Structures are given as structure tokens and as C-alpha cells.
Amino acid sequence: MTTAERWWLWSQPLVAAIALLAGIAAWILQAIDQYALLPSVQSVVTGTFVLPGLGVSLALNHVIVLRRAVPVLTSGEKLLLVAQYALAIIVVATSLDPAALLLGYLLWPLLIVAAVSACVVMARTTRADRRGEPWRSPLSTSTDEVPLVDSSAH
């Protein structure tokens, strides 16, 4: 496993920990009635529900991937993670603006769909791996590729 693959693999629990800590901080601020430190309705909803949900989802994905013979993410899984990370950053950034609530309403479902999709894709890939179906990284070279042009036809 390359260093880059390790970074991809361990990015999930790292981002999960950050999201869960932010969610716990939002819960504590609400419990001690410090809503002034949560600048908008979107920040309350994001901190209370969205970030903890993202954290749990990423932690679950990490556990699923660790059950593979070789715990490496596929290209599609990496794209789904990038989408989740980008959406989470945008949601958190717009949570600071009270006027951006509509954007939160639009982005929360997209983040949820990306998280659920990533979990399903990772679970299916892991299931195929555990059943012994052949698996290789989409970026690796293979010796059994079929040529695009049949050179024996000439």
C-alpha cells in the first residue's frame, strides 16, 4: 500500500473525528444555552445533526474498508469522499452566514446522498472482496487486457 493510499484510507477517521468533535461542541453550546456562539439556524442544524451524521458515516465506511484483504479505496470511492469533504466544507462555511439558510437546505440532502452512496459502494466492494471475487485497483496495470485493435486480422 502506497503512502497516498494510506492517506486516503485514514482521511475518513480523521474527518470523522473532526466532524464528531464539532458536533459535540455544538451540543455543549446548546446545553449551556450559548446560542450566540452559533451564528445561524444553519449552524445549529449543521452542528447538531449534519456533522455528527457525517462523522458516524465516515467511521462506518472506514470499518467497512478495513475488512478488505487489501484496504484500498477505489477511484469511485475516492470521488465520493472528495464530494463529501467538499460539501461538508461548503456547508460549514455557509453556516457562518445567517442569510445562507437556503443554501443549507439545498446542500444537506446532497451531503446525505453522497454519504449514503459512499457507504453502499464501499460495502459492495468489500463484500465482493470478501467473497473472493477478483479485485484490483482501477489504476493498476493488468496483463490480461484485451487490445482495442485486433492486430492478427491483417
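None of the figures in this text is laboratory data; all of them are computed from the coordinates on show. Remember, it's a predicted structure, so these values are computed and weren't measured experimentally. Neighbour counts run over all protein chains shown; Cβ positions are idealised from the backbone, glycine included.
Across the chain, Cα pairs under 8 Å and at least six residues apart give a relative contact order of 27 percent. Computed from point charges on the beta carbon alone (+1 for Lys and Arg, -1 for Asp and Glu), the dipole magnitude for the chain about its Cα centre is near 380 Debye. Per-residue packing, averaged as other Cβ atoms within 10 Å, sorts the ranges 42-54, 107-119 into the order 42-54, 107-119, beginning with the highest. Mind listing P(r) for the chain? All alpha-carbon pairs, 10 Å bins, whole percents. Taking every Cα pair in the chain, the percentages come to 10, 34, 26, 16, 9, 4, 2, 0, 0. Stokes-Einstein, applied to the Kirkwood radius of the range 28-108 over Cα pairs at a viscosity of 0.692 mPa s and 37 °C, places its translational diffusion at 231 µm² s⁻¹.
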